[in-house]
Amino acid sequence: MSTPKIFILSEQMRGASFSLSNESYTIGRSDSCDICIADPTISGHHCTLLRQEDGSFVIRDDDSTNGTKVNDQKVEAGQSVQLHNSDIMKLGSVEVLYDAMDGARLESSRTISVINLTDGGTKTGGMPTEVRSSTAGTIALKRSTALRENSKRGKMMNILIVILVVIALIALAFSFIRNMM
């Protein structure tokens, strides 16, 4: 069985990963924590990850100020919640991905994780391999549509900027003419 990992998804530390080979990990803003995440929305000692007998982990909120969520479900202070592969933990405003996939299960239960970063929150979903091949075209279509929409927004922003510059120049010209009279 491979070692589970967590990956930071949020802006400041995006891409940082931590292997979970020990029995427990404290997570928080304090340097004394096993995993220190220097973010103002994370408590000094925010939560703890605890290894279970089967090698999986649970997360326990340690009475954090801004709370802990797993897949948008609040974890009450002192409560432990079982983590599963591809779960998204939200610690304060920092989003963290739990990756427990091991090599033996990889071929038989491969999933695609869909992370939507456009709506202000992260939503995830798993898709079995059998379904993936039939939806690959749909995913590519949605991706190209999103790129086209971003391109349209960019063109609209450029047009808006040009209009504002023209208005500013006209106002400047009127001001100049008024001062000449």
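Read the figures in this text as sums done on the coordinates, not as results from a lab. Remember, it's a predicted structure, so these values are computed and weren't measured experimentally. Because the Cβ atoms are built from the backbone with ideal geometry, glycine has one as well, and the counts that use them run over all protein chains shown.
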Once you place label points 7 Å from the Cα toward the Cβ at LEU50 and MET156, how far apart are they in nm? 5.0 nm
Quick query: amide H of VAL70 versus all other amide H atoms, modeled in the peptide plane; which residues come in under 5 Å with a sequence gap of 5 or more or a different chain? VAL75, LYS90
With no solvent and one equal point scatterer per Cα, compute the Debye intensity ratio I(q)/I(0) for the stretch 16-99 at 0.13, 0.15, 0.17 Å⁻¹ and report its log10, rounded to two decimals. -0.33, -0.45, -0.59
For the stretch 92-97, take each phi angle, set θ = phi - 60°, evaluate the Karplus expression 6.51 cos²θ - 1.76 cosθ + 1.60, and give the result in whole Hz per residue in order, putting x for glycine and proline. x, 10, 8, 9, 10, 9
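Show me 153-159, 33-39 ranked by packing, highest mean number of other Cβ atoms within 10 Å first.
Working: 153-159: 10.0, 33-39: 17.1.
Taking the mean over residues of other Cβ atoms within 10 Å, the ranking is 33-39, 153-159.
Within the stretch 1-92, list the trypsin sites (Lys or Arg not before Pro) lying in a DSSP loop whose Cβ has at most 16 other Cβ atoms in a 10 Å radius.
Values: sites: LYS5, ARG14, ARG29, ARG51, ARG60, LYS69, LYS74, LYS90; in loops: ARG14, ARG29.
Filter output for the stretch 1-92: ARG14.
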